[in-house]
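J.: Dropping the structure in here first, questions after.
Every number here is computed from the coordinates shown, using simple stated rules; none is lab data. Everything numeric here is computed off the predicted structure, so don't read it as measured data. Virtual Cβ from ideal backbone geometry, glycine too; neighbours counted across all protein chains shown.
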Amino acid sequence: MLKTIAMRFDLTDLRLFLTVVECGSLTHAARTIHLALASVSERIAGMEAALGAPLLERNRRGVRATAAGEALVRHARSILGQVEQMRGELRTYASGLKGRIRLLSNTAAMSAFLPPQLCRFLATHPDLSIDLEERSSADIVQALVDKRADLGIVADITDLGTLQTHLIASDQLVVVVSRSHPLAQKSAVAFADLLEEPVVGMADTALETHLAERASRLGRQFNYRIQLRNAEHVAMYVEAGIGISILSDGLARTLQRDLAILPLSETWATRRLYLCSRDFTALTRHAGLLAQQLLPRTP
């Protein structure tokens, strides 16, 4: 079946089909991609004829993918992602760069572990470039499975499935409070005790998503006073007594403020960080070099 699809469907067909599924309507898709409705319908009909099975199910509200259509969606996203990857890599040659590596990282590694490692790597390899993106550990695993990244760094709270892994570091979640806060005198603090506290959060980070899930398991949610994108700004608000914050220990230790840093007492707050790949032996030469940089040095 896949051979037939590859022979009969071109990239325009695949993009059009994905747009139709995402819009849930032939009419809306036609407007989005600036094609006549008749042209969109004709292309979809041609794809269904080539496959020999319906790809869309029509109803009053629009259309949705059939089982065959869902399979095509998965393959189309993979194919188009690979095409974009190819174009991106070729653009790097035109701009003088000779290689690009796709690396995804969770919040913990992004804040403390990666900066010195990547700095050394890029200084050693001036002809290489890294596409670095912060994602949740679960999203990173799926991206690796879908071949949308070369390497990923995730916490051990995530199901790693069939990925190959190497332990590279440990991370402790800590509570950051002002010196005048009642919690500042404690040696550790329980997560449940923080849910009554006003919180100064880091906006749009995978860590905040993870903490929200943990609070939800207790039937609670955080009381955010404010969410900020800069860790130093978070520290400033915490020092002023606006609220407490939960951060990676590595990040908390870099803050230039007079704050109390307390470990969370839950076992899940101590996490192991893994470097992951679909297959380390199948990495490109460039990604293999980065993997070697990130792995612990053996004595």
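J.: Mean separation of Cα pairs under 8 Å and 6+ residues apart, divided by the residue count of region 2-90: what relative contact order is that in percent?
T.: 30 percent
J.: Using R₀ = 22 Å, calculate the FRET efficiency as 1/(1 + (r/R₀)^6) where r is the Cβ-Cβ separation of E22 and Q164; round to 0.05.
T.: So the FRET efficiency works out to roughly 0.10.
J.: Kindly give Rg over Rh for the chain, based on alpha-carbon atoms, with the Kirkwood expression for the hydrodynamic radius.
T.: Numbers: Rg = 23.8 Å, Rh = 22.3 Å.
That ratio is 1.06, to two decimals.
J.: Still on this structure, please answer the following. Mind ordering 12-18, 266-272, 57-63 by average Cβ neighbours within 10 Å, highest first?
T.: Per-residue mean Cβ counts within 10 Å order the peptides as 12-18, 266-272, 57-63.
J.: Give me the Kirkwood hydrodynamic radius of region 218-299, using the inverse of the mean 1/r over all pairs of distinct Cα atoms, in Å to one decimal.
T.: Answer for region 218-299: a Kirkwood hydrodynamic radius of 16.5 Å.
J.: How big is the Kirkwood radius of region 2-90, worked out from every pair of different alpha carbons and given in Å to one decimal?
T.: The answer is 13.3 Å.
J.: Treating only the Cβ atoms of Lys and Arg (+1) and Asp and Glu (-1) as charged, compute the dipole magnitude of region 185-263 about its Cα centre; round to the nearest 20 debye.
T.: Around 100 debye, computed over region 185-263.
J.: Additional query: Using R₀ = 41 Å, calculate the FRET efficiency as 1/(1 + (r/R₀)^6) where r is the Cβ-Cβ separation of R285 and Q185; round to 0.05.
T.: Efficiency at R0 = 41 Å is approximately 0.15.
J.: Treat each spin label as a single point 7 Å out from the Cα along the C-beta direction, and report the R272 to R120 distance in nm.
T.: 2.2 nm
J.: Using θ = phi - 60° and the Karplus form 6.51 cos²θ - 1.76 cosθ + 1.60, what ³J(HN,Hα) does each residue of region 73-80 get, whole Hz, x for Gly and Pro?
T.: Once rounded to whole Hz, the list reads 4, 4, 5, 5, 5, 5, 5, 5.
J.: Still on this structure, I have one more. Using helices alone, what [θ] at 222 nm do you get for the chain, with -39,500 (n - 2.57) per DSSP H run of 4 or more residues, divided over all residues and rounded to the nearest 500?
T.: Mean residue ellipticity, 222 nm, calculated: -13000 deg cm²/dmol.
J.: I want the antiparallel fraction of DSSP beta bridges within the chain, as a percent rounded to 5. Numbers along the way, then the final one.
T.: Working: 25 of 42 bridges.
Percentage antiparallel, nearest 5: 60.
J.: Please arrange C23, C276 by counting, for each residue, the other beta carbons lying within 10 Å of its beta carbon, fewest first.
T.: Least crowded to most crowded, the residues run C23, C276.
J.: What's the magnitude of the charge dipole for the chain around its Cα centre, counting Lys and Arg as +1 and Asp and Glu as -1 at the beta-carbon? Answer in Debye, nearest 20.
T.: 580 debye
J.: Also: Note down the nm distance, to one decimal, between modelled labels 7 Å out along Cα→Cβ at R31 and at M236.
T.: 4.3 nm
J.: Between S39 and S78, 0.36 nm times their residue separation minus their Cα-Cα distance comes to what?
T.: Roughly 11.6 nm would be gained on extension.
J.: With the crude spin-label approximation of a point 7 Å out along Cα→Cβ, what separation in nm comes out for V145 versus R253?
T.: Here the modelled spin labels are 3.4 nm apart.
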